1. Can you list residue pairs whose Cβ atoms sit under 6 Å apart, with the first residue in region 76-104 being in contact (Cβ under 8 Å) with a residue 40 or more places away in the chain and the second being open to solvent by 70 Å² or more (accessible area, probe 1.4 Å)? Count only pairs 6 or more apart in sequence or on different chains.
2. Any residue at all in region 59-80 that's at pLDDT 90 or above and among the small types (Gly, Ala, Ser)?
3. Going through Leu42, Leu46, Leu28 one at a time, which residue ends up being closer than 20 Å to Lys2 by Cα and at pLDDT below 90?
4. Somewhere in region 89-98, is a residue among the small types (Gly, Ala, Ser), crowded, with 20+ Cβ neighbours inside 10 Å and assigned to a strand (DSSP E or B)?
5. When you scan region 71-88, how many residues do you find that are of a type in the set (Gly, Ala, Ser) and either closer than 24 Å to Ile54 by Cα or open to solvent by 60 Å² or more (accessible area, probe 1.4 Å) (or both)?
Amino acid sequence: MKLSEYALKNWNGRNIITTISFKEIKILLLDVNQNMITWELLKNLLAIGSNGNIVWIADLPDSEMFGYYLEIKLNENQLLAWIGSTLCTIDPNTGELLKQQFVK
């Protein structure tokens with residue numbers, strides 16, 4: 001599936017906040033409209049390949065009932081992503097959530 005076809009309800013092709021290049025992929029943090037009230041999980045962290053196809057879409061941590069990723073940073077071979085009060089460690093190759101930790 002291409003990024004332009006990503007049909008997450010209420011996403012509507014919003015802007016990309018952050019792009020991180022990693023090996024053959026680009027990791028994208030998508031903007032979530034702060035004025036939009038929604039009670040569903042918004043999966044706004046994903047990776048696309050050089051062909052524009054989505055490689056993976058990161059799940060949200062179990063500890064966050066509602067929310068979306070706010071910030072990402074590549075630290076060596078781990079992707080750090082913040083959502084609410086939770087710091088997530090994500091495998092940048094697969095998008096798998098490796099660890100979640102409560103932070104203040």
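1. Note: no pairs meet the criteria.
2. Scanning region 59-80, I find no residue that is at pLDDT 90 or above and among the small types (Gly, Ala, Ser), so the answer is no.
3. Criteria check complete, one pass: Leu42.
4. The answer is no; no qualifying residue exists.
5. 1
The values are calculated or read from the model by the stated rules, or taken from the named source; none is laboratory data. Every value quoted in this text rests on a predicted model; they were computed, and no experiment measured them. Ideal geometry is used to build each Cβ from the backbone, glycine not excepted, and the neighbour counts take in all protein chains shown. Heavy atoms of the whole protein, side chains included, go into the accessibility calculation; ligands, DNA and RNA do not. Shrake-Rupley method; radii C 1.70, N 1.55, O 1.52, S 1.80 Å.
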